[in-house]
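The values are calculated or read from the model by the stated rules, or taken from the named source; none is laboratory data. Since the model is a prediction, treat every value here as computed from it, not as a measurement. Every residue, glycine among them, receives a Cβ derived from its backbone with ideal geometry; neighbour counts consider all protein chains shown. In case anyone asks, the SASA skips ligands and DNA or RNA and just uses the protein heavy atoms, side chains included. Shrake-Rupley method; radii C 1.70, N 1.55, O 1.52, S 1.80 Å.
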Amino acid sequence: MSSKTTGDTSIEDRSRPHEEELVHFRIVRFMMESGIKLRMTSVPMATAAIIYHRFFSMCRLQDYDPYLIGMTAISLASKVEEEHLKIRNVINVCYRTRQKDKPPLESQTELADLRQAMANCELLIMRTLGFNVATELPHKYLLHYLKSVADWMDPGLWERAPIRDTAWAMLRDLYHGKVCLQHKAQHLAVAVLYFSLLCYGAEVPLNNQAETKWWKVFAEDITEEQIKHIIEQIMDVYDMERRM
């Protein structure tokens with residue numbers, strides 16, 4: 001059966017996420033839930049998701065336990081972003097998040113085995129990623145862009161429409177998919193802000209008359225077509241959630 005295509009991506013493929021993508025979505029959701037319980041802030045949680053996605057962009061899912069990779073990515077990200085977590089806490093919280101109907105993990109042998117498994121897994125991840133686990137995140141850019149756009153917008157509209165909160169929520173949610181690996185940090189920040197404004201029918205004043213569009217002010221090398229492509233990918237992530 002033939003299917004219509006737009007660029008390199010078929011409409012049929014985009015509407016039917018591959019099983020592996022659904023698995024990765026489920027694991028990152030587990031990581032986010034665990035991170036909240038561990039009181040992680042947004043930056044190390046995003047770093048953990050990127051470490052996880054980068055690892056599986058280089059390795060086959062069927063060769064590794066994705067939950068163990070996710071747990072280890074949480075611990076590793078806490079070190080990278082200098083918000084250190086105790087391994088025991090990571091193990092216990094992740095175990096209870098995954099095994100909600102089971103009692104807390106109390107066996108010292110099981111704890112020791114999981115601790116050793118995470119230590120081995122951390123070394124595996126580091127080697128796979130070439131010992132380069134630091135990455136530039138969109139958060140600092142989005143914070144700056146939101147402040148700038150707020151200054152341009154009508155204060156009443158900005159206060160009535162939750163544009164700021166929506167943009168941060170979209171940024172958090174996009175880490176459930178590999179879109180976080182495929183674009184520059186500045187471009188992701190611009191795209192979630194563009195999408196948030198679009199959701200509430202808000203427009204930056206005089207943008208249509210301006211020689212330079214507002215998104216070009218923030219990222220000279222981005223086009224509106226690229227922004228719309230990122231938005232499509234974010235929508236695909238939300239579509240995966242609906243299919244869970």
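In nm, give the distance between the simple-model label positions of residue 147 and residue 42, each being 7 Å from the Cα along the Cα-to-Cβ direction.
Spacing of the two 7 Å Cα→Cβ label points: 1.4 nm.
Excluding same-chain pairs closer than 8 in sequence, count the lysine pairs in the stretch 75-219 whose Cα atoms lie under 19 Å apart.
The number of close lysine pairs in the stretch 75-219 is 6.
Rolling a 1.4 angstrom probe over the protein heavy atoms, how many square angstrom per residue are accessible across the chain?
In whole numbers, the chain has 56 Å² accessible per residue.
Residue 115 accessible area, nearest 10 Å², 1.4 Å probe?
Surface open to solvent at residue 115 totals about 120 Å².
Place the peptides 64-74, 32-42 in order of packing, highest mean first, counting for every residue the other Cβ atoms within 10 Å and averaging per peptide.
Highest mean packing first, the order is 64-74, 32-42.
Whole-Hz ³J(HN,Hα) for each residue in the stretch 180-186, computed from phi via Karplus 6.51 cos²θ - 1.76 cosθ + 1.60 with θ = phi - 60°, x for glycine and proline: what do you get?
Rounded to whole hertz, the list is 5, 8, 9, 9, 4, 4, 4.
Just how far, in whole angstrom, is the stretch 190-231 from the stretch 85-148 if you go by their alpha carbon centroids?
A separation of 35 Å, based on Cα centres.
Could you go through the stretch 211-218 in sequence order and give the Karplus-derived ³J(HN,Hα) for each residue, using 6.51 cos²θ - 1.76 cosθ + 1.60 with θ = phi - 60°, rounded to whole Hz, and x for Gly and Pro?
After applying 6.51 cos²θ - 1.76 cosθ + 1.60, I find 5, 10, 5, 4, 6, 6, 5, 7 Hz.
Which of (i) 68, 49, 37; (ii) 58, 40, 36; (iii) 78, 47, 42 is the computed Cα extents along the principal axes in Å for the structure on display?
(i)
If a paramagnetic tag sat 7 Å from the Cα of residue 157 along the Cα-Cβ line, which residues of the stretch 185-206 would have the backbone N under 14 Å from that point?
Zone members listed by number: 194, 196-206.
What part of the accessible area of the stretch 173-230, given as a whole %, is carbon or sulfur when the probe is 1.4 angstrom?
Answer for the stretch 173-230 is 48 percent, counting heavy atoms of protein chains only.
Starting from the Cα gyration tensor of the stretch 103-145, take the square roots of the eigenvalues, sort them a ≥ b ≥ c, and report rounded, prolate or oblate (rounded when a/c is under 1.5, otherwise prolate if a/b is larger than b/c, else oblate).
Here the stretch 103-145 falls in the oblate category.
Per DSSP helix of 4 or more residues, -39500 (n - 2.57); summed, then divided by the residues of the chain. What does that give at 222 nm, rounded to the nearest 500?
-21000 deg cm²/dmol
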